[in-house]
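Data block below; observations after.
The values are calculated or read from the model by the stated rules, or taken from the named source; none is laboratory data. Just so it is clear, the model here is predicted, and its values are computed rather than measured. A quick note on method: Cβ atoms are made from the backbone with ideal geometry, for glycine too, and the neighbour counts reach across all protein chains shown. Only protein heavy atoms, including side chains, enter the accessible area calculation; ligands, DNA and RNA are left aside. Shrake-Rupley method; radii C 1.70, N 1.55, O 1.52, S 1.80 Å.
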Amino acid sequence: MKLLAGNSNRSLAQAIADHLDMPLTKAQVKRFADNEVFAMIEENVRGEDVFVIQSTSYPANDNLMELLICIDALVRASARRITAVMPYFGYARQDRKTGGRTPISAKLVANMITRAGADRVLTMDLHAGQIQGFFDIPTDNLVATPVLAQDIKDRYTRGNLMIVSPDVGGVVRARSLAERLNVDLAIVDKRRPRAGESEVMNIIGDVSGRECILFDDIVDSGGTLVNAAKALIAAGATEVSAYISHGVLSGPAVQRVTDGPLKELVITDSIEQPHEVLSCSKIRTVPVAPLIGEAIRRIANEESVSKLFD
């Protein structure tokens, strides 16, 4: 088995390598003067089971091209099996046609990864489960719920706790966490007037006097989370925190979290964060290297991955 890291999240790749007690494969993944991506594998990978660790987060197009070129380099170096390990799968929110003459970009990206030569995909908390079906190769979709649930157990008393889905589409995800913690569930019902904006309408469930935890897969600009937190406080919640799998945190997100009513925003390290995020006192990161590393070990040994979540 070999581990190859792109440049999107070197710290997570190193943590996965440390968990598996093995070194990262020596390779050059760099840019030419005109910003073209170049990759060269500096070790023999012929006949090896290679895992390429690369989140397609910002800059999404550059990181995606790095992944595709690394896969192509491994194919031409006669690797036996290539697994694209994508802790965060970019373009996942474009999983359906939202209007006339619009793309399904998640399917396009899946086709590109498959055609590049990947034999398998390992990712975490896809925005929509049906994206697994966009790939014509085996796809494992890990869930960060057990990792985040353990963090909640370590920090909260569950007697007064309530898990809240920030929208109707995330109810299944939030219910899974609520059942794991054996606590109540509430839902924020909102209407989105246009892309990038959200308007909270009402709260389904009695949150009065409760400690609320918003649970979702992606926080991007932070508008939905902050509006939901304001609505929960207005409905009588004593405090509101948020646990999110992928901290995209673009634009004014950090400022919104800092200035807003959220007590704390907890994210995983699926996306490498800039100093602005790491230095924010309200944002905390939970590591997922043990989860991804164990999944890689199980795939390499032809063991069950689903048993990780039993």
Could you figure out which of (1) under 16 Å from Gly6 (Cβ atoms); (2) modelled with pLDDT under 95 isn't true of Gly100?
(1)
Which listed residue, of Ile41, Ile16, is open to solvent by less than 80 Å² (accessible area, probe 1.4 Å), among the β-branched types (Val, Ile, Thr) and over 18 Å from Ala77 (Cα atoms)
Ile16
What pairs can you find where one residue is in segment 16-32 and in a strand (DSSP E or B), the other is among the β-branched types (Val, Ile, Thr), and their Cβ atoms are less than 7 Å apart, with a gap of 6+ or different chains?
Ala27/Ile41; Arg31/Val37
Could you check segment 203-240 and list, in sequence order, the residues that are among the hydroxyl-bearing types (Ser, Thr, Tyr) and crowded, with 21+ Cβ neighbours inside 10 Å?
Thr224
Which residues, counting only those in segment 242-257, are surrounded by 21 or more Cβ atoms within 10 Å (Cβ to Cβ) and of a type outside the set (A, V, I, L, M)?
Tyr243, Ser245, His246, Gly247
Given (1) among the aliphatic types (A, V, I, L, M); (2) closer than 28 Å to Ser11 by Cβ; (3) open to solvent by 10 Å² or more (accessible area, probe 1.4 Å); (4) not in a loop (DSSP other than H, G, I, E, B), Ile187 misses just (2)
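Take Met22 and decide whether it is open to solvent by 10 Å² or more (accessible area, probe 1.4 Å), out of contact with any Leu (no Cβ under 7 Å at 6 or more places or on another chain) and not hydroxyl-bearing (Ser, Thr, Tyr).
Details: open to solvent by 10 Å² or more (accessible area, probe 1.4 Å): yes; out of contact with any Leu (no Cβ under 7 Å at 6 or more places or on another chain): no; not hydroxyl-bearing (Ser, Thr, Tyr): yes.
It is false that Met22 is open to solvent by 10 Å² or more (accessible area, probe 1.4 Å), out of contact with any Leu (no Cβ under 7 Å at 6 or more places or on another chain) and not hydroxyl-bearing (Ser, Thr, Tyr).
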Within the set of pairs 6+ apart or on separate chains, which have a first residue in segment 52-73 that is farther than 12 Å from Glu272 by Cα and acidic (Asp, Glu), a second that is in a helix (DSSP H, G or I) and at pLDDT 95 or above, and C-beta atoms under 8 Å apart?
Asp72/Ala116
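Can you pull out the strands (runs of 3 or more DSSP E) entirely within segment 86-178 that have at least 1 residues that are open to solvent by less than 40 Å² (accessible area, probe 1.4 Å) and under 21 Å from Leu262 (Cβ atoms)?
Details: elements: 120-124, 139-142, 161-165.
The qualifying strands (runs of 3 or more DSSP E) are 161-165.
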Members of segment 151-171 that are among the aliphatic types (A, V, I, L, M) and touching an Asp or Glu at 6+ places or on another chain (Cβ under 8 Å)
Leu161, Met162, Ile163, Val168
Take the residues in segment 115-132 that are under 20 Å from Asp62 (Cβ atoms) and in contact (Cβ under 8 Å) with a residue 12 or more places away in the chain, then tell me which one is nearest to the chain's Cα centre (by Cα).
Thr123
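So, Phe135, is that one of a type in the set (Phe, Trp, Tyr), without any contact (Cβ under 8 Å) to a residue 40 or more places away in the chain and closer than 27 Å to Lys307 by Cα or not? Spell out how you get there, then give the answer.
Values: of a type in the set (Phe, Trp, Tyr): yes; without any contact (Cβ under 8 Å) to a residue 40 or more places away in the chain: yes; closer than 27 Å to Lys307 by Cα: yes.
The answer is yes for Phe135.
For every residue, the table says whether it meets (1) under 28 Å from Asn141 (Cα atoms); (2) not in a helix (DSSP H, G or I).
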residue	(1), (2)
Leu225	yes, no
Lys230	no, no
Ile244	yes, yes
Val257	no, no
Leu262	no, yes
Ile267	yes, yes
Ile271	yes, yes
Glu276	no, no
Thr285	yes, yes
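Please state which one of Asp154, Asp136 is under 30 Å from Glu264 (Cα atoms) and acidic (Asp, Glu).
Values: Asp136 fails: under 30 Å from Glu264 (Cα atoms).
Criteria check complete, one pass: Asp154.
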Take Ile299 and decide whether it is modelled with pLDDT of 95 or more and either in contact with a helix residue (DSSP H, G or I) (Cβ under 7 Å, 6 or more places away or on another chain) or not in a strand (DSSP E or B) (or both).
yes
